[in-house]
1. Does segment 1-16 hold any residues that are assigned to a helix (DSSP H, G or I) and under 22 Å from the mean Cα position of the chain (by Cα), and which are they?
2. Can you tell me how many residues in segment 174-202 are within 22 Å of the chain's Cα centre (by Cα) and surrounded by fewer than 20 Cβ atoms within 10 Å (Cβ to Cβ)?
3. List every residue pair whose Cβ atoms lie under 8 Å apart, where the two residues are 6 or more positions apart in sequence or sit on different chains, the first residue falls within segment 111-122 and is outside any helix (DSSP H, G or I), and the second residue, located anywhere, is at pLDDT 95 or above.
4. Return the residues of segment 130-141 that are without any contact (Cβ under 8 Å) to a residue 60 or more places away in the chain and buried (at least 24 other Cβ atoms within 10 Å of the Cβ); say none if nothing qualifies.
5. Across segment 75-107, which residue is farthest from ASP43 (Cα to Cα) among those that are in a helix (DSSP H, G or I) and either among the hydroxyl-bearing types (Ser, Thr, Tyr) or under 19 Å from the mean Cα position of the chain (by Cα) (or both)?
6. Residue under question is GLU82, and the condition is that it be assigned by TED's automatic domain parsing to the domain that holds GLU179, out of contact with any strand residue (DSSP E or B) (no Cβ under 6 Å at 6 or more places or on another chain) and modelled with pLDDT of 95 or more; does it hold?
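The values are calculated or read from the model by the stated rules, or taken from the named source; none is laboratory data. Please read all numbers here as calculations on a predicted model, not as lab measurements. Ideal geometry is used to build each Cβ from the backbone, glycine not excepted, and the neighbour counts take in all protein chains shown.
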Amino acid sequence: MTPRLKPLSQQTILITGASSGIGLATARMAAARGAAVVLVARDEPSLQESAQGIRDAGGRAEHYVADVADRDALEVAATFAEEKFGEIDSWVNDAGAGTYGPLTGTPIEDQRRLFETNYWGVVNGSLIAAARLRERGGAIINLGSVLSDRAMIYQGTYSATKHAVKAFTDALRMELEAERAPISVTLIKPSAIDTPFPEHAKVHNDAAGMKLPPPVYDPKLVARAILHACEHPKRDLYIGAGGAMISLFGNMFPRATDLVMEAIGRPVQDSAEGRPEMRDNLREGRPGGQVRSSLSGTPQRRSSLYLEAQLNPVATAAALAGVGVLVVGALAARSARPAPRRSWI
């Protein structure tokens, strides 16, 4: 059965991890396009500020404090959203945390806690959403990563959670299709994105903090991809060719990719700065309210041709065909020219 998705301006969208970063960027963009949004996260001051900012800009927004690892709390958040705005049309599982350091130096309890947020939070949200959308239709959008395809050195546990998210999302999609449920299930795979994520990470080595390896992309690009998936059924969407190339090379040349990561893993991820009050959001929320990182020296790519090609495949194919016609025409014209006369003088 074809998924039934409303125009964005008619939707109610619940977004977890919405107090900062990608979640907040998505909430702001969705509200600006007419959707009603419910922001869910753990840090209440950040949520209040973020929701109020959307209302001040003329949008419709409410917030609810919940830890996505708590299934019961997330159920209550869903009920709250329905009471405020009516039926939920799209559910975005964006909440996430990170650790940085070697697996041998990361306590098992921290690894388990990371799975509680990054994996079980997605499972909880997806199953709650599926139960509500099974009859009337809608979209479930899960935030994976390019690290869903290829593990990153010193982000081993994070990579493992994102691999698990991909497997769960793919399996859920197949099961809902087999049931002929009118639900679209999308996995979003961002590259490195300029959000407070590295500042929130818990560091388990001797670095002062963590940063993301370049190229680093604008969070608004991810928000665009998410909102596109709210209206158009999509299986996967990559943000940034840089990250997609990591997946590609990791699959095609795994050993070479290993060696490159082993050589540059620390230099491209160690940071000498970061705000102590932001660090380590594994077990409790940290100050949010910001879409972008406050780390210095992070050049940001504000466009992604690779994403545009995925969002507009027909236009991209037509453009490539047009270029092909021009090339063929130019070559034909060149071959049709008479050979120049040679002078023997």
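1. Scanning segment 1-16 gives LEU8, SER9.
2. 1
3. TYR119/THR161; TYR119/ALA164; TYR119/VAL165; TYR119/PHE168
4. Matches in segment 130-141: LEU133, ILE140.
5. For segment 75-107, the residue satisfying everything is THR104.
6. Numbers: assigned by TED's automatic domain parsing to the domain that holds GLU179: yes; out of contact with any strand residue (DSSP E or B) (no Cβ under 6 Å at 6 or more places or on another chain): yes; modelled with pLDDT of 95 or more: yes.
It is true that GLU82 is assigned by TED's automatic domain parsing to the domain that holds GLU179, out of contact with any strand residue (DSSP E or B) (no Cβ under 6 Å at 6 or more places or on another chain) and modelled with pLDDT of 95 or more.
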